[in-house]
Every structure is written in C-alpha cells, then in structure tokens.
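Here's the structure we're looking at; comments come further down.
What follows draws every value from the coordinates through simple rules; no lab data is involved. Not measured: the values here are computed from a predicted model. In this analysis, Cβ positions are derived from the backbone assuming ideal geometry, glycine residues included, and neighbour counts consider all displayed protein chains.
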C-alpha cells in the first residue's frame, strides 16, 4: 500500500530518515520495523575526519531546534572500514550522504560509495549551513551543476541532491540539479537561524548560527516542495518538519514522492513506524493511494 | 566505542506518583509493565509527554530509584517548559520513555571505599547507587557529600539519611551541615583523613561544580569519576550534540570527543578533558 519507487529503487514506504538525525551507522534501526521504513539515510561523510563545532551545538526554541554540529564524522576511510561492512544485508536500502568543501571532495566520497555493496543510493549534501563553503553549492546553480555532473560521472547509483532553503528562488537550483543528472531532489536542508541569549548578549550556539529544523520549518519546506515539483520532472523527497502522517500526506499532496523524518526521531526514534501505521489506516479509511494524492495540490 | 542500543526500549508509561522534594524539584514514578532490560545506577532515560509535548526534544534524567521491578523514579527540577510539563502532569499522564541509556557506574568492590559527591539535583544517580552498594554489603564504606545552596536544595535528603551510609551535608548558607560548597566539605574530610584518598570518588552536579571538582581531583590525584549533565538532542547517539572533549592519554584515543549519551554519562576523569 505504501510502496514507493524512486529511480531504480523500490522502497517499502515513502518514509526515510533524515540525514544527521539517525546516526552514522545502522544501530538505531532497531527501533523501527523495517517494513515501515523506505530508506535509511545516514549522516554525512566527508573525505577527511571532521571534529565538528564547539559546544553548545544545539538549542531548542518554540517549534524546533537550531543545530550547528558541523558535520562531525570520522572521515571516509573510517566509514569505509567500519560502517560500510555493516550495511550489507540490511533489511532496508541505505542512502549514504556525501559532503565536502569542493567538487573533488564530493567526487571522492561518491566514488567510494559507488563501490560499497551496502549503499543503494547516494545523497549529496550540497547545503549544510554549518560548514564553510557548504552552502555555496546550493546558492549557485552553476557551481551546483558542476558538482552534480562530476559526481554523476563516477556513479550510476540513484543520486539525490539535497537543496538548501536559504535561497530567494529554489527553482533554478532544482533545475540545475535535475539537468545535471540527479535522480531526485531532497527538499530541503535546514534554514539558517540564530538564537540569542539576551542576558549574555551572545548567540546561544557556540557557532553563532545554525540550521533550524522541526515543525516550524514545515511551511517553508512545503512551499519549496511545491515549487520544485512544478519545476522538474524528477521525484521530490520532502524534508522539513514532518512529524506525523498528516504532515507526510501534506507533503505528498504538495508533490513529494517520499518524505524524510528528521528532528521528530529525536523525540521518538520509533516515530517512523508510528507514521507508517497511521498512513496505512488513513489511506484505507479514505480509500486513497499515495499516487492519488501525489501532486494533487490545487493552486 | 559506543554503547550498543540493543537493550534500549522506547515505551509509553504512566506517571503513577509524584512527590515534591524541595525547591522547584519533584520525584516522579513511572510504571513500565514490559521492561525487559537492566537499568542501573548512572544510566538515564529520555522522558517527554507522550501527547502534546511542549518541547520537540525529550529531556535526560538519571534513574533515581527502582522501588519495584516495574517502577522507576526520576528526580526532576523544574527548569523550563520541558521539565515543568513533566512535573506538573497529573497522575496517569503517559510519558514517552526511552531507556535504559548510557553507561552507568561500575559497582566498585565491596571493600573499596566509594565517595559520592552531589551538587543539587546532581544527587539523582546516587540514591540507587548507594542502595546497590548496601545490597552488596558495602554500607560502611559508602560515603556521600551532598551540597546545595540551602537546606531546600538538599533534595529528598531524608531518603539518603534513611540509608545509613556516611552522609556529609553542606549548604552555601549554612542552613544544614557544613557551611560552604561541597568540594570544600570533601577537602576538609580528606585533610582530616576521615576519607581515604584512595577512595573511588564520583561527582555529579552542575557544570561549574564538575569543573571545580575536576580541578580539585587532578590536583590531589584522586581516583575520580564524573556523571556529566550535558545538553542532549536525542540521548541515543545519533545527533552529536553532547560531545565532551577527551583526554589525550585516556581510553578515547581515536577521537577528540566522546558522546556523553552513549559513551558516558559516567566518565573516568582520566578519560576526559574538562
């Protein structure tokens, strides 16, 4: 009932974890019934180890959180030796997420992912707001196209390009990614934000700014999903504040083929199974399919 | 090097009792029928309201007591809307509980002197730890230094008194026990050799206290452990929001940070750099 297809991949449901919210490895999968999860999207891997940003790295506000983890990860070599072997034979497809400072960084990571049997698809994190240079590819369609084209040349695995919401108009970037060989777009990464401690006269996060996620960003992501769905012919994977079945169906109506669940999994790591169960009930009750609803938004 | 999540359970459980134990602080009991895992001293749970949570992330709380196999007690100080929602919730309110999490205290050998050092709600992991020591027959060589701003901040001290372990109270205003902070109180007892400097000394409390304790313990070359209270996004190792710097010569040699949630929250002072 919930099965979903993107490029050559069949997913049990349209629900995916959001990169950076379910770990570097499959350990947290134990909270979910594999039949409820479309794909496990793992945290960004960069060529070299990154120690991440100083603390505090996360803070909460009314409606969400702001984080500046800074892509902490042990680097590609560690991931290749330690994590990649654990991905083979998992009951759900794994989407590995690539990050870096320049096109060569992305190509290096994507090339490695291409050779890993446990990696079913690749997501390019061209939009992390917490590392210098990361945002550039998502605000400049020429730079973005170059990176996506270069990555496409070294991998034939389904490739998702994760876009930034921190732009005036997301459509030129969506088109650039689609024209450069992306199989799907993840829309979108976190919104840049800042929380301030007025007593200390300083930002709450040590990094100053961070990426805002959670329920408060859903309307922004919804608008961008709708814009991207109208602008390109490749599937859209919504990402931004979804926390329940109704949120998922709203994104599907706006044009999403799949929906990532991120911040909501911090509160409840089993939330995706809950959402899948609710989706089945709602669709049965309404006698509808996801295909009936997809892109049915009346504008 | 991280804790396996294999024993962690995500469950819904009702609040079955609440009790005020001092300034803005309560203990709440939840009843979990289908708990299958061990949940020991120093480990913690992420708690939130199951419905209409006013926060988008849960809050971490050490296990305070386990008065019955399926009953779990947590010490909660009202700090903001997340903790307020938990302590103000009526009996019967369902909580979302993720537990057990983290690595708890290594139960030191019976003959080993153990000294617990708590500041305010830093007492949270020590009641059950002391109970476990007593069950092992180690009541006589279990000591606790419990400090607070005032007597109202020595939360639930009657429960500690009832244990019959060696209690040392301190308050900033002198309203109960030693006048001064808990580390000064500990220093006095060490100096008078009423506490052996070979003891295992475990501290828990606010960041300022833990930093002061770390400096003190290093200076005196004590066998020290800390139970860290750090901001956590998830509690189960996926968000990377709770790093603590590691020491260059400790057990975390491969990375400059350890995750408080899965590699702690109890650390040997030798392994971290605070």
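In whole angstrom, how long is each semi-axis of the equivalent ellipsoid of chain A, when you take the square root of 5 times every eigenvalue of its Cα gyration tensor and sort them from largest down? Mind showing how you got there, number by number?
Values: eigenvalues 131, 104, 81 Å².
So the three semi-axes of chain A are 26, 23, 20 Å.
Inside 10 Å of the C-beta atoms of A:20-27, what's the mean count of C-beta atoms belonging to other chains?
Details: counts 3, 4, 4, 9, 4, 3, 0, 10.
Averaged over the peptide's residues, the number is 5.
On average, how many beta carbons from a partner chain sit within 10 Å of the beta carbon of a residue in B:230-236? Intermediate results must be reported in sequence, preceding the final value.
Values: counts 2, 6, 2, 11, 10, 2, 9.
Averaged over the peptide's residues, the number is 6.
Viscosity 0.692 mPa s, temperature 37 °C: what is the translational diffusion coefficient of segment B:19-97 from Stokes-Einstein with a Kirkwood Rh over Cα pairs, rounded to a whole number of µm²/s? Mind dumping the intermediate values first?
Details: Rh = 12.9 Å.
Answer from the Stokes-Einstein relation: 255 µm²/s.
How big is the antiparallel share of DSSP beta bridges in chain A, given as a percent to the nearest 5? Could you put the intermediate results ahead of the total?
Details: 16 of 41 bridges.
Counting DSSP beta bridges with both partners in chain A, the antiparallel share is about 40 percent.
Would you look at the GNM of chain B, springs on alpha carbons closer than 10 Å, and say which of B:141, B:103, B:52 moves the most?
Of B:141, B:103, B:52, the Gaussian network model singles out B:52 as fluctuating most.
Past the 18 angstrom mark, what percentage of all C-alpha to C-alpha distances in segment A:92-208 do you count?
50
When the helices in the protein assembly as shown are scored as -39500 (n - 2.57) per DSSP H run of 4 or longer and the sum is shared across all residues, what 222 nm value do you end up with, to the nearest 500 deg cm²/dmol? Spell out each step's value before the answer.
Values: 17 runs with 145 residues, N = 573.
Counting only the DSSP helices, I get -7000 deg cm²/dmol.
Taking 0.36 nm per intervening residue step and subtracting the Cα-Cα distance, what contour gain separates residue A:153 from residue A:288 on full extension?
Length difference between fully extended and current span is 44.7 nm.
Taking the Cα atoms of chain B, what is the range of coordinates along each of the three principal axes, in descending order and whole Å?
53, 45, 34
Taking just the alpha-carbon atoms of segment A:177-228, what radius of gyration and Dmax come out, in angstrom?
15.4, 49
What does the structure give for A:256-269 when I average, per residue, the other chain Cβ atoms found within 10 Å of the residue Cβ?
On the way: counts 0, 0, 0, 0, 0, 0, 1, 5, 2, 4, 14, 12, 9, 9.
That works out to 4 on average.
If R0 is 22 Å, what FRET efficiency do you get for residue A:35 and residue B:37 from their C-beta distance, rounded to 0.05? Intermediate results must be reported in sequence, preceding the final value.
Working: r = 24 Å, r/R0 = 1.10.
Calculated transfer efficiency: 0.35.
Expressed as a whole number of Å, what is the distance separating the alpha-carbon centroids of segment B:257-274 and segment A:196-261?
Centre-to-centre (Cα) distance: 33 Å.
Does segment B:114-229 come out rounded, prolate or oblate by the C-alpha gyration tensor, with a ≥ b ≥ c the root eigenvalues, rounded set by a/c under 1.5 and, if not, prolate when a/b is larger than b/c and oblate if not?
In terms of gyration-tensor shape, rounded.
Say R0 is 41 Å: what FRET efficiency, to the nearest 0.05, do residue B:194 and residue A:62 get from their beta-carbon distance?
Details: r = 50 Å, r/R0 = 1.23.
With R0 = 41 Å, the Cβ-Cβ based efficiency is 0.20.
Could you grab the Rg to Rh ratio for segment B:1-65? Cα atoms only, Kirkwood for Rh. Please report the intermediate quantities before stating the final value.
On the way: Rg = 13.2 Å, Rh = 13.7 Å.
Here Rg/Rh amounts to 0.96.
In the calculated pair distance distribution of the protein assembly as shown, what percentage of Cα-Cα distances lie above 46 Å? If you can, show how the numbers build up before the last one.
On the way: 30274 of 163878 pairs.
So the portion of pairs separated by more than 46 Å is 18 percent.
What distance in nm separates the simple spin-label points at residue B:162 and residue A:48, each placed 7 Å from Cα in the Cβ direction?
5.8
Once you sort the root eigenvalues of the Cα gyration tensor of segment A:149-299 as a ≥ b ≥ c, which label holds: rounded (a/c under 1.5), prolate (a/b larger than b/c) or oblate (the other case)? If you can, show how the numbers build up before the last one.
On the way: a/c = 1.87, a/b = 1.17, b/c = 1.60.
The shape class here is oblate.
By its C-alpha gyration tensor, with a ≥ b ≥ c as the square roots of the eigenvalues, how is segment B:207-260 shaped: rounded for a/c under 1.5, else prolate for a/b larger than b/c, else oblate?
Details: a/c = 2.92, a/b = 1.51, b/c = 1.94.
Verdict is oblate for segment B:207-260.
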